[in-house]
Amino acid sequence: MQNRVDADKYLSKNPLTFFENTDLFDAIHQLLERKVSGATVINDRNEIIGVVSELDCLKAILDQVYHGQATGLVGDIMTRDVQKISNIMELDILAIAQKMITENHRRFPVEVDGKFVGQVSTRSILQAAKDFVREHDRKEDSRFE
């Protein structure tokens, strides 16, 4: 396919990650500092064990206020049923975009041989679209020179 955009070119290789024993408020602080809406949770073997989002954190805070608690760990609130990508080298960015829309996810952790290697996010997809349009426009302009 001529217009294919390989997904691995838009893999974020050093995204924010947490361990399940990360303090909830430390995680919130890092999410806010990095201006991201979620992160992958990995174990000490660099395997994906969950994801945590701003919404997970907000739910935990509200629950803690209701129950009078003020502590928690990422492992207590993370989503453990993780939708991930294992075949990034074979995928077109449009296939991942469609998967995001269909499954209503903002990001997918990516693994190779069972190990976390990065993530593809909606921001990655938007960057790919921008790059594609820019390249297409450049090629069209050069035809008339």
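Summary of computed values
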{"read-out": "Among beta bridges that DSSP assigns inside segment 7-143, antiparallel share in %, nearest 5", "value": "80 percent"}
{"read-out": "Exposure rule at most 16 other beta-carbon atoms within 10 Å, DSSP loop chymotrypsin sites (Phe, Trp or Tyr not before Pro): the chain longest free segment", "value": "20-143"}
{"read-out": "Calculated percent of Cα pairs over 25 Å apart (choose from [x] 56; [y] 51; [z] 36), label", "value": "[z]"}
{"read-out": "0 to 90° range, to nearest 10: angle between helix 54-67 axis and the chain longest Cα axis", "value": "10 degrees"}
{"read-out": "Loop-located GluC sites (Glu not before Pro) in segment 1-106, at most 13 other Cβ atoms within 10 Å (DSSP)", "value": "Glu47"}
{"read-out": "Amide H partners (placed H, <5 Å) of Gly50, local residues excluded", "value": "Val41"}
{"read-out": "222 nm mean residue ellipticity, helices alone, for the chain (DSSP H n ≥ 4; -39,500 (n - 2.57); rounded to 500)", "value": "-13500 deg cm²/dmol"}
{"read-out": "Rounded if a/c under 1.5, otherwise prolate or oblate - segment 42-112, Cα gyration tensor axes", "value": "oblate"}
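Values in this text are rule-based calculations from the coordinates and carry no lab data. The model shown is predicted, which means the values in this text are computed figures rather than measured ones. Positions of Cβ are generated from backbone atoms using ideal geometry, with glycine treated the same way; all protein chains shown enter the neighbour counts.
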